[in-house]
Structure formats: C-alpha cells, structure tokens
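Please read the structure below before turning to the comments.
The values are calculated or read from the model by the stated rules, or taken from the named source; none is laboratory data. Note that the structure is a prediction, hence the values are computed from the model and not measured. All Cβ positions, even for glycine, are placed from backbone atoms using ideal geometry, and neighbour counts span all protein chains on display.
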Amino acid sequence: MIIVYGGPFDDSLLFRWKGTVLPHTWRKSLSTAALSAVLALVYNQERTLAKVTGQDSLLLHLLDDAGRLFSLLTSLVTFILGFFNATVYGRWWKYRDLCGVVSGRSVDTAVMFAAYIDAKQKDRRKELLRLLWLAQALHLMEALGETDLKPLLTRGLLEPATREMRVLETCISGRSSLAYGWLVDKVVECVNAGTATPAESSGHVLQMIQANITSMRGAAADVVMYLRTPIPLGYVHLVQVIVNIYVFIVAPCGLSTEFASMAPFMSAVVTTFFSGLLALGRMMMNPFHDKMHDRFEVHDYLNGVMQTTTNIIKNVPLNQPGESANLPGSSTECHLGELRDSPMDSPISPSCTLIRRR
C-alpha cells in the first residue's frame, strides 16, 4: 500500500505499528530487558559481596569487562549496520528508478505513437498500444515472480491459441524482452508501410522509438537481475550474527554494570535501535515482496500507464479523423476480441489489475 505521511508537526507516525520494525523487535526487546534486570541484580549482589569480603569474584570481573566491551563494540556495530543499510537502500532506490524508467518511457513511447503514427491507422495504433502494455505487464509479473498468463488473457492483452500465447507459455525467462521485440517489429512494420508521418522523418522516428524501447527493455531486465543477485548470504549472515551477539550478550551485560536499575529500559532501547536497523535493511531487500507493508504497488503503476497512454492515443492529435474510432478497452471484462469494438472513451477502472495481487 502507499503510505501517506502527515504534516511536519504530525506525530501520529509515532503510534504506528503495522509496517514498522516494532513487530520484528518487540520480543527481542522484552527478552533483553528481562536479561538485563537479572544481570543487574547479580552484579549488585556480587559487588556487595566483594565489599564485604574484600575479594572480587570472577563473575564480577566478567561483568565489568563486558561494560568496557559494550563501549568498544557500539561504534563497530553502528558502522557495520550503517554500511549494510546504505547498501540495501541504494538497491531499493535503484528498483524505484528502474520501475520509473519503464513507466515513464512507456508514456513517452505512446506520445510518439500518437504524434508520428498516422491517426487514420487506428488498428496499427491499437496494436502498438497493446504490445506496449503487454511488455510492461510481463515485466511486472517477472518482478513479482508470477508465471500465470491467465490475467493477461482476461485483460485482452493476449488471445488464447495464438502464437504469442504459445511462445510465452514455453518461455522460461525474458518474457518482457520478447514482448519488446514484438513491439519493435511492429514499429518497423508501420514505418515500412509508410504510416509514420512525416514520411521524410520516418528514419528518425524509428530511431527515437527504438531508443525508448531499448531503455525500457534494459530497465526491465535490470530489475530481474537485481532480484536474482541479492546481497551475498555470507555478508547478511555476518551482520545478523554480530547484531545478535551485541544485543543479547554484550549489551545486557554491559548495561547492567553501567545503569543498574535503568538497565532493563536501556537494554530494550538499544535492542529496538540495533535490531530495528537490521530488520529495516531486511525489509527493503525486495520491495516487491507481498509481506512488505509498503511494497511497490506495481498494479497501480500499470493501471496508471494504461490510463495515461489511452488518453494520449485518444486525444493526440486533437483533430483526429473519425472521432468515434475505437481504442483498446481495459475494463474488467475486456478481452482481446473486444479491443476492436470497445468505445474510444472506455474508462479504465482504477482498481483494474493485469496481474494477480499476491
């Protein structure tokens, strides 16, 4: 879902639970707080006993050393977690950029179709738009790990028992690249047929459209590449081990010698902070995952592109011949056969999805 933040003085975010790191850290925080309370009592007893007997026990020395170790490791763990989260956030932002390239370039390409492909060639323009939608839908399905093509059939982006359908069914990976290839082929066909206007600029038009499609295909492939090459397991495991040792052993022991009665509270705060940073990094590793509360709403991306490009093809140029011409519809009941018969002003439902929401 899309998170809406309040104004600069809105504190309602402080009381949020779902979508935050608190569901991942509260159990650890309570555990370390209880452990710190026990250790604080033990430390006070050992210190009292040492004053009476004049001899320091081994446990007292260990707890005192743990306090020094806590101060030493705090900076180290902070550095490691900061580097880890910076790496994860950089990848998350790259996902966002790549999805933006696909969506933005799709709209740019639709603008070129509307401006340079003869408005009288309505069937060709509809087919170009369908292939553009199909390519983005397949790209988003790859990002979600979806393989079922039935949602595309019900939306009219594919037709059963066609060569397109058979090829996509037998294709293991790179489905979006295939669709972009079909789109380029269709654009070349339009240019060769003389439907690009003005005719003397058809070569330049083809070059511009080809550049856009190349950018979209590359961005779509990069999303899959990032998903298939996550941060190395050994690195994530090392960070996890270091943080767990710090919050479950070093921090409770060290805080029990430094804060005594405040040790449980301080230990819970330290655990929430460091375990929360680790959980935050883990949450951002895959922004398409269905368990991520504010994951990328890819169906909204596609719906937005469909609605925008439909309006572009419908209204550019402003004075089109035959205002009653048809455009691909995208209503819930839309099928490929209806693309040739749907009214030009068919609305696109805000809730329509071309892929199954996980």
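What about Leu158, is it in contact with a Leu (Cβ under 7 Å, 6 or more places away or on another chain) and over 19 Å from Ala211 (Cα atoms)? Taking the combined requirement at face value, the residue satisfies it. The sole residue among Gly67, Gly82, Gly100 that is assigned to a helix (DSSP H, G or I) and farther than 30 Å from Pro252 by Cα is Gly100.
In the stretch 303-315, the residues that are of a type in the set (D, E, K, R) reach residues that are surrounded by fewer than 22 Cβ atoms within 10 Å (Cβ to Cβ) with C-beta atoms within less than 9 angstrom, at least six apart or across chains, in these pairs: Lys314/Ala114; Lys314/Gln320; Lys314/Ala325; Lys314/Leu327; Lys314/Met344; Lys314/Asp345. Does the stretch 293-302 contain any residue that is within 30 Å of Val38 (Cα to Cα), at pLDDT 50 or above and surrounded by fewer than 19 Cβ atoms within 10 Å (Cβ to Cβ)? There is no residue in the stretch 293-302 that is within 30 Å of Val38 (Cα to Cα), at pLDDT 50 or above and surrounded by fewer than 19 Cβ atoms within 10 Å (Cβ to Cβ).
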